[in-house]
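Below you'll find the structure, written out as C-alpha cells, and then a few comments.
No lab work stands behind these numbers, since they all come straight from the coordinates. Just so we're clear, the structure is a prediction, and the values are computed from it rather than from any experiment. Ideal geometry is used to build each Cβ from the backbone, glycine not excepted, and the neighbour counts take in all protein chains shown.
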Amino acid sequence: TVAWAGVNQNLGANTGLTPFDGWYAELIYCNAKQTTTDRQKMEGYLANKWGLTGNLSASHPYKASPP
C-alpha cells in the first residue's frame, strides 16, 4: 500500500529515510482499496509469474497454482 501525504515520498522507502536499493519487476496501481480476495489474486498471479511462490505463506490460496 502506498499513500502520499503531500510531501516528497520514496517508493519503497524505509521510514522515509532509506530509499529502496533494488529493482521492481512489476507494479500494479489500483484506484480503490482491494478486497483481501483481490489482493490474494494479485499476489498469486505475480508470485507464479515471477517464480516466487516460495515467498507465499503455506495457507495462501494461490501457493500451489495461479489464479
Margin query: Once you place label points 7 Å from the Cα toward the Cβ at Ser65 and Leu27, how far apart are they in nm?
Written below: 3.4 nm
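How would you rank 27-38, 48-59, highest first, on the average number of other Cβ atoms within 10 Å across their residues?
Working: 27-38: 8.3, 48-59: 11.2.
By packing density, highest mean first, the sequence is 48-59, 27-38.
For segment 19-67, just say rounded, prolate or oblate: build the C-alpha gyration tensor, square-root its eigenvalues into a ≥ b ≥ c, call rounded for a/c under 1.5, and beyond that prolate if a/b exceeds b/c, oblate if not. Don't skip to the end; give the middle numbers.
Working: a/c = 1.99, a/b = 1.14, b/c = 1.74.
It is oblate, given that a/c is not under 1.5 and a/b is not larger than b/c.
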